[in-house]
Amino acid sequence: MASTMSRLQFGQMRGLRAKLLRRYEHQPLVSCLAGLYGCRWRRYERSCTQPGDCCCNKLEGASFALLVAAFCLTLVFLYFWGQAKNDYNDFDWFNFGNLGFWFPWSVVLLVIAAGFFTYITALMLLAVCLLSEGQKLHLHWSHKIGILVSLTFSIAATAVLSDLWSKEWTTLLLSFQVTAPYLHVGGVLLMTVLAWPVALHFFRMNSRVRRGLIMGVYLTILLALYLVPLGLYSPCIKEEWTLGPAPALIGHRGAPMLAPENTLMSFEKAVEAGSKGLETDVTISFDGVPFLMHDRTLQRTTNVHEVFPNRTDTSAAMFTWAELESLNAGAWFLSHNPFGTAGSLGAEERQRAGNQSVCSLQALLQLAAQTDKLVIFDLYRPPRGHPYRDTWIQRTLEVIQNESSIHSSQVLWLPSDLRALVQEIDPELQQTSGSRLPLEELQSNNIVKLNLHYSSMSAELVSEYEAVNITTNLYVISQPWLFSLAWCSGVHSVTTNSPQLLSTMSSPLLLMSPDEYNLMWILTDLLSFVLILITFIFHRWRERGLAFCSGSKITLDNGTYSKFKTEMSDIWSVSSSISQAEKMPNLATVTEH
């Protein structure tokens, strides 16, 4: 009985070993993969790699190298442009200024980049699956053209944006402070999966040069990914109890996603969304009325081309207040839909938005006084020939002090011109600087707040200025990941296009203690290393077993290992052993009777 069971177990082990050593060809899967990758739908049109062969010839190897390069570059560009979403509006209006008409070019560019990346990723998956099945690569010529087009697009788009919009690379670097932990896990997972085809072809190649090249590249990338966290810095990797309050929100020209920018409706929407402050741009009309307008001309945000067709290129400051009041400052918002949010407005709100007029500084200050909000604004000096060319600051101070009920302490005074005179006239204004000046100069000018572009974000900078009672405001932050980074960095307030979105965030998108992050990093790397090691050991054992058995037990048929007499004898011996084992209980029963 014992000998029978041992023979049964031995037969089962031999059967299991035979199955592990055998290389299967998943005919339907391989047919589909080869058809999609190289348009080789018939079996005789494709071939498997023989022991000692490379996965492809030189031409196909170059094509695969271009595919990998295209994948990397399209991924980089897609990630870059995806993280630039915070500034899409600036990009679209920049093109408006150059082309003369508005169109959401940023979204079009994103869709094109996503399309190319999807196409290249699909080809990469097909290639990896074919390699995992031991198939030779034969890329169809149409795909080769597609790869070149994708590669050209990625390089050209990256070069143009780098030249015209180089500051977005700073945004890309900032994004790593939030996304790097997740990118690290994703990258390690990808390299772990690739261990299967890499090990398969590594042990099947005879050329030491090729084997060294494959392992060199693979191990270099893998080691770099394993060690990436050593160079990672993120202010959001901190203990939760050290996290300060969320930055206060300042509506950028109001709430421009919900109503036409720099209109009274826009500022009212910002107040409703929970903004603590209101940001705008102030210009002086020809007859001395400060009003809200960001652009030099009125073309973008009014119907000046209809009312004053001969003055479309005239500076906004050269219009009288009566002329400005006659313009519509809201219809463009409904027709252009710059943020894609106009459709969310109800019928009544759409009608109200379409009838907005140019807003005066006085109206904004009154709204801020009634709702107890802060106000910060850029003040534009009128052009030459303007009556208030030299008294624009005094005229603005008159409106703050005498023509509105707002307290001077609610105004963050940003203009740097004649700052000493402004402090002498109204010392209660909160002096704000738009430049990173030395601490001594800031203190000598009684600066209490810095208003900086978000690219200047730094936890050390914020702490340094906070130590001398100078708070920090960053502009323009509209995406949750940037707001999360500002929150973790200790920023006191941010100017935003989307107060209605950021006000709903209860915590940063990424908040992890150093111990939690180290544990995640180490476990990810260790698990990946173990899986890769097992994969390489398995392929080494199988390929050596196949080489050992190929002389007597295994023959090669079209690149696929198959067994004949030896395998059949193993199966019959196992089957007979099982049959004898099943009959033993019946024999014992008969003996008892």
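The values are calculated or read from the model by the stated rules, or taken from the named source; none is laboratory data. Bear in mind the structure is a predicted one, so any value in this text is a computation, not a measurement. Neighbour counts are summed over all protein chains in view; Cβ atoms, including those assigned to glycine, are modelled from backbone coordinates with ideal geometry. To get the accessible areas, we keep the full protein, side chains included, count just its heavy atoms, and leave off ligands, DNA and RNA. Shrake-Rupley method; radii C 1.70, N 1.55, O 1.52, S 1.80 Å.
Here Arg311 does not fit the description of being over 18 Å from Leu365 (Cβ atoms) and touching a residue at least 40 places away in the same chain (Cβ under 8 Å).
Taken together, the residues in the stretch 410-453 that are among the polar types (S, T, N, Q) and either within 19 Å of Tyr380 (Cα to Cα) or within 38 Å of the chain's Cα centre (by Cα) (or both) amount to 9. Out of all the residues in the stretch 225-239, is one or more over 24 Å from the mean Cα position of the chain (by Cα) and surrounded by fewer than 20 Cβ atoms within 10 Å (Cβ to Cβ)? Within the stretch 225-239, one or more residues are over 24 Å from the mean Cα position of the chain (by Cα) and surrounded by fewer than 20 Cβ atoms within 10 Å (Cβ to Cβ).
Restricting the stretch 325-351 to residues that are polar (S, T, N, Q) and either touching a Gly at 6+ places or on another chain (Cβ under 8 Å) or modelled with pLDDT of 95 or more (or both), the residue that is farthest from Pro104 (Cα to Cα) is Ser326. Kindly indicate whether any position in the stretch 279-299 is at pLDDT 95 or above and within 24 Å of the chain's Cα centre (by Cα). There is no residue in the stretch 279-299 that is at pLDDT 95 or above and within 24 Å of the chain's Cα centre (by Cα). Taking only the stretch 453-471 into account, find how many residues are open to solvent by less than 80 Å² (accessible area, probe 1.4 Å) and closer than 14 Å to Ser489 by Cα. Here the count works out to 11. Being buried (at least 24 other Cβ atoms within 10 Å of the Cβ) and over 25 Å from Leu412 (Cα atoms) is true of Phe333.
Taken over the stretch 371-411, residues that are of a type in the set (Lys, Arg), under 23 Å from Thr297 (Cβ atoms) and in contact (Cβ under 8 Å) with a residue 60 or more places away in the chain amount to 1. Note on the stretch 211-267: among residues that are in contact (Cβ under 8 Å) with a residue 40 or more places away in the chain and of a type in the set (Phe, Trp, Tyr), the one that is farthest from Asp525 (Cα to Cα) is Phe267.
Restricted to the stretch 31-68, and to residues there that are in a helix (DSSP H, G or I) and charged (D, E, K, R), the residue that is modelled with the highest pLDDT is Glu60. Evaluating Leu172 against the criteria (1) touching a helix residue (DSSP H, G or I) at 6+ places or on another chain (Cβ under 6 Å); (2) farther than 30 Å from Ala459 by Cα; (3) surrounded by fewer than 17 Cβ atoms within 10 Å (Cβ to Cβ) leaves one unmet condition, (2).
Is one or more of the residues making up the stretch 208-221 buried (at least 20 other Cβ atoms within 10 Å of the Cβ), among the charged types (D, E, K, R) and in a helix (DSSP H, G or I)? Checking the stretch 208-221: not a single residue is buried (at least 20 other Cβ atoms within 10 Å of the Cβ), among the charged types (D, E, K, R) and in a helix (DSSP H, G or I). Residues in the stretch 226-257 that are out of contact with any His (no Cβ under 6 Å at 6 or more places or on another chain) and of a type in the set (Val, Ile, Thr) were compared, and the one that is nearest to Asn518 (Cα to Cα) is Ile237. Filtering the stretch 179-203 to residues that are in contact with a Ser or Thr (Cβ under 6 Å, 6 or more places away or on another chain) and more than 19 Å from Met124 (Cβ to Cβ) leaves only Val185. Given the criterion at pLDDT below 90, among the hydrophobic types (A, V, I, L, M, F, W, C) and within 20 Å of the chain's Cα centre (by Cα), identify the matching residue among Leu110, Leu161, Leu99. That would be Leu161, the only listed residue that is at pLDDT below 90, among the hydrophobic types (A, V, I, L, M, F, W, C) and within 20 Å of the chain's Cα centre (by Cα).
Results for (1) open to solvent by 20 Å² or more (accessible area, probe 1.4 Å); (2) not in a loop (DSSP other than H, G, I, E, B), shown as yes or no for each residue.
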residue: Gln370; (1), (2): yes, yes
residue: Gly385; (1), (2): yes, no
residue: Tyr388; (1), (2): yes, no
residue: Gln394; (1), (2): yes, yes
residue: Leu412; (1), (2): no, yes
residue: Ser416; (1), (2): yes, no
residue: Val422; (1), (2): no, yes
residue: Gln431; (1), (2): no, yes
residue: Leu442; (1), (2): no, yes
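Residues in the stretch 113-140 that are open to solvent by less than 50 Å² (accessible area, probe 1.4 Å) and of a type in the set (Ser, Thr, Tyr) were compared, and the one that is modelled with the lowest pLDDT is Ser132. Restrict the check to the stretch 141-157 and report whether at least one residue is over 30 Å from Leu474 (Cβ atoms), assigned to a loop (DSSP other than H, G, I, E, B) and at pLDDT below 95. So far as the stretch 141-157 goes, no, none of its residues is over 30 Å from Leu474 (Cβ atoms), assigned to a loop (DSSP other than H, G, I, E, B) and at pLDDT below 95.
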